[in-house]
Structures are given as structure tokens and as C-alpha cells.
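Below you'll find the structure, written out as C-alpha cells, and then a few comments.
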Ligand code: FES
Ligand SMILES: [Fe+2]
């Protein structure tokens, strides 16, 4: 659908702003328009705490990974002092990326003219070119990006004036405390590249309990969920949208599979179901009785993204002799569920190109999507 001339005039979004029972989803152009996406990059991805991964991915000095946040490249590396630092992945000479992928390195060497940076980002060598008063190594280190962590979870922020990470997360660390977030280590991380859909569709999908029997008829829908509540938007202090589902067993195994014992420290309701906090804007978590899964959305444009599925287990579980064998059951579930969602959001993306403008309605099972759409409008308008 063609976008209006005054794209950010609040009048276009009045029906999204209504109370959930009366509200419409975002207009189609919010998922297709390059101009709308550019505004999201400027007002959201440049300003928020972006989750980028876990400390256990880079456990030794020199371990690094690269990352792309809505087109902005960073490199994250553990120094000889054990500190994890993030830098703009852009050489101080003439701007090439200095690293790709992930791995372990003694130094970060730019492939263009081999300017070489230490594990702390300092420029240490400029082959064929001597240092002089016009070219001082000390002035030309990689530019740092603000990085903060909660337990082992790493976040970066491009805005030096942004609130601290813990303020951003608000109630989240407290709500998750009995899972022992600091004991969690990465089991497996899998990347689905170039899913042809706008990133918001996946965030909404995760918070839409209506689709489960239809999109996951052979899997999720068959899992016994007793006392399943409608997705309730809980009052939350912090930049999250969360809900809780009551059910038996682990929400990270397929029906009939058995796995690891429940986390012994779980308290209260957390023993009886799964807690789904979504850290705005792109990180969806599922804390269930025996593990944690995270889906990360990495927009690559208005109509495409990479999607990551990661599974975390308490460290002591990963020491068991049967860990790899049993963990496969968890990975198998993830490998079925997430592709089902990838397919449906790509179909939705194509459908959103229909040249019509009549507003739809959210149902009572999509109140969290409504909350997300309104958060989004709060940022971009
Ligand atoms: S651009 Fe990196 S060394 Fe020239
Ligand atoms: Fe789904």
C-alpha cells in the first residue's frame, strides 16, 4: 500500500492509538516503507539498548564476534584483561570493516592496508607508514561503542546520553532472578539469514497467542497447556512487554520428550510455567523450567532480517555426560518451531503489499501486539 505524503502525521495512526479492543494494527506501510524504516533506525536502533549476544560466546582473550545492528557494524572482543569491549567495526584509516564473522585473534587487522589494532582497540601498527605528528597511533584507535551487561547478556547503545542498561531493563532482572541468569551459558546459537519480512512482524508473532494452533498445529499446539491464560499485558517497569503461560513440563521440548531436571532455585509461579519477556525492540526471551531460549531479530532493511535462535542452560547442566545427547531434543524443537514462524511472517509480508487501506482489528488475543505497536509509535512519531 502506498504510504501517505505526511508519513509521520499522528492522524494516520489514530486507530492504532485506540484502546486494544477497538484498535487497528499498524498501517501496511509501516512494514514496507523505506522512509518508515529509516525513521526506526534513527529513533529506535540508534537510541535503545540492543542485545548483541552472550559473554559465553567469547570466553577467552582474543575471542570476538561481529554484529550488524540495522546496518551499523560493530565488533565485540574480549581483551587480555578479560574485559569485553565493543567497537565500531570501521577502520580509522579509510573505513573498511576490520573483522568479519567470529573467531579468535591476536590482533584485529584491517584487510585493506593492514592497519592493526590490539585486543583493546588501540592502533598498534601501520605497515609501510611511519608514525609522525600527523599520524599518531594513540589518536587512531577503534572507536568504542557503549556496552553494558546484565549477567552474561551483552547490550550496546549508540547513544551516549541513553539511560543505563539496568534502568532500561527495569523489573526484568528481578523477575528472572530465580532462574539464576548469571549461571546461564550458551548451548547453541543458530542464524536464519534473510527472512523476507519486516522485523516487527516477528516481534508481534511472538506476542500473538492466537496463531499457535494454526501455525504450530503439529507441535506447540499439541503440548499440554493447562490453565493457559490469554496473553496478558503485565504492568512492567522498564522497556519490556511480557507475559506468563501456565503449563506442565518444559516449554522447550516437544510433546513426549524428556530432558533435564527443573532449575532447583525456581520460586513461585516460575515453577508452574514459562515467562516470556520481550526486551524492546528485538529480543524475545522464553524462561522455562529447565532452560532459556532467546530469539533475536536483526533487521537488514525494511523487508528483511536475520533471525537468531539461541538456547541457554545452567552451567552445571552443561557439565553432565549426557548433555549433548539430551540438548539435541531442545534444539530439535527450536528447529521446527522457528521456521514455521519464519514462513508465516514472510507470507504476511507479501500480503501487506496489497494496495488497500481499510483498517482491520486486533482481537482480544493480540493485546500485546497492540502494546508493541503503540510503543513503536511512541518512538517514531
Ligand atoms: S582502510 Fe583500513 S587500513 Fe586502510
Ligand atoms: Fe509462532
Tell me, how many Å apart are the Cα centres for the stretch 18-79 and for the stretch 308-334? 26
Relative to the first principal axis of the alpha-carbon coordinates of the chain, what is the inclination of helix 367-380, with its axis defined by its Cα atoms, in degrees from 0 to 90 and to the nearest 10? 40
Rank by packing, highest mean first: peptides 33-44, 269-280, with packing defined as the count of other Cβ atoms within 10 Å averaged across residues. 269-280, 33-44
Ranked by GNM mean-square fluctuation in the chain (Cα springs under 10 Å), the top entry among 24, 86, 14 is 14
Dividing the convex hull volume of the Cα atoms of the stretch 50-161 by its residue count, what figure in Å³ per residue is obtained? 109
Residue 104 versus residue 14, label points 7 Å from Cα toward the beta carbon: distance in nm? 6.2
Pairing the Cα long axis of helix 323-351 with the longest principal axis of the chain, what angle in degrees results, from 0 to 90 and rounded to the nearest 10? 80
If I stretch the segment between residue 171 and residue 315 completely, what's the gain in nm (0.36 nm per residue apart, minus their alpha carbon distance), one decimal? 49.4 nm
Which value does Rg/Rh take for the stretch 316-381 over its C-alpha atoms, Rh per Kirkwood? 1.21
Length gained when the stretch residue 35-residue 151 is fully extended (0.36 nm per residue, less Cα-Cα span): 38.1 nm
What are the radius of gyration and Dmax of the chain, computed over its Cα atoms and given in Å? 22.0, 72
Mean-square fluctuation check for the chain, GNM, Cα pairs under 10 Å: which of 253, 368, 210 is largest? 210
Can you tell me the order of 130-141, 186-197 when each peptide is scored by its average per-residue count of other Cβ atoms within 10 angstrom, highest first? 186-197, 130-141
For the stretch 50-161: relative contact order, % (alpha-carbon pairs under 8 angstrom, 6 or more apart): 26
In nm, to one decimal, how far is the modelled label at residue 248 from the one at residue 46, with both set 7 Å along Cα→Cβ? 5.3
Estimated Rh, the stretch 5-67: Kirkwood, alpha-carbon pairs, angstrom: 15.2
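Read the figures in this text as sums done on the coordinates, not as results from a lab. What you see is a predicted model, and the numbers here were worked out from it, not measured in a lab. Glycine also receives a Cβ, built like all others from the backbone with ideal geometry; neighbour counts cover every protein chain displayed.
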